[in-house]
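Enquirer: Right, I'll just put the structure down here and ask away after.
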Amino acid sequence: MRNVKPGKRKSSSAEKGKGAPKDIDEYLAGVPEPARSTLNKIRAAIRSAAPAGATEAISYGIPAFKHNGVVVWFAAFSDHCSLFPTAAVIEEFKTELKGFTLSKGTIQFPRDKPLPRALVRKMVKARVAQMEGKKRRLASTRRVRQAGESGAMSIQRKRLF
């Protein structure tokens, strides 16, 4: 780990007086072209596939869409743009994502060439389905756990009395 002397650390955009963006419009206003246009296309594709109750937010300093948790994030960087749909979604669409730079949870694409709209829509829908499936599994686990706990409590009461 590199030691940094007090007062000598690199400043982030927040420390330069810009602060973290409050919403996606403010984030995009700070992004230069052609990345801004590219991210606006990604934003529109996500919005068209996200559930009706989904909201836009800034999460970890970058744009995100939320619906019972974060559905996807997207962002611009100096030499590329990225979509962050989670590792499971990337794995599911791995063959359709050939030609893009991939990492565990990230898809990188050129600043002047957005991901295909249809592909973004499919990935968002898959992510929402994944989140709904997880929500159902958690709910059934809780029901099983609660039923088991109430049964255990009645057994303990019988032993005590």
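The values are calculated or read from the model by the stated rules, or taken from the named source; none is laboratory data. In this text, all values refer to a predicted model and were calculated from it rather than measured experimentally. Backbone-built Cβ (ideal geometry, glycine too); neighbour counts: all protein chains shown.
Enquirer: Counting only residues that are assigned to a helix (DSSP H, G or I), of a type in the set (A, V, I, L, M) and buried (at least 21 other Cβ atoms within 10 Å of the Cβ), how many does the stretch 27-50 have? Before the answer, list the steps.
Expert: Filtering the stretch 27-50 down to residues assigned to a helix (DSSP H, G or I) leaves 27-29, 35-49.
Remaining after also requiring of a type in the set (A, V, I, L, M): 28-29, 35, 39, 42, 44-46, 49.
Restricting the remaining residues to those that are buried (at least 21 other Cβ atoms within 10 Å of the Cβ) gives 35, 39, 42, 45-46, 49.
Residues in the stretch 27-50 being assigned to a helix (DSSP H, G or I), of a type in the set (A, V, I, L, M) and buried (at least 21 other Cβ atoms within 10 Å of the Cβ): 6 in total.
Enquirer: Now, a different point. I'm told residue 60 meets every condition in (1) at pLDDT 95 or above; (2) surrounded by 10 or more Cβ atoms within 10 Å (Cβ to Cβ) except one. Can you identify the failing condition by its number?
Expert: (1)
Enquirer: What are the residues in the stretch 70-87 that are out of contact with any helix residue (DSSP H, G or I) (no Cβ under 6 Å at 6 or more places or on another chain) and not in a strand (DSSP E or B), if any?
Expert: Answer for the stretch 70-87, where residues must be out of contact with any helix residue (DSSP H, G or I) (no Cβ under 6 Å at 6 or more places or on another chain) and not in a strand (DSSP E or B): 77, 78, 79, 80, 86, 87.
Enquirer: Checking the condition over 28 Å from residue 20 (Cα atoms) and assigned to a loop (DSSP other than H, G, I, E, B), which residue from 99, 53, 105 passes?
Expert: 99
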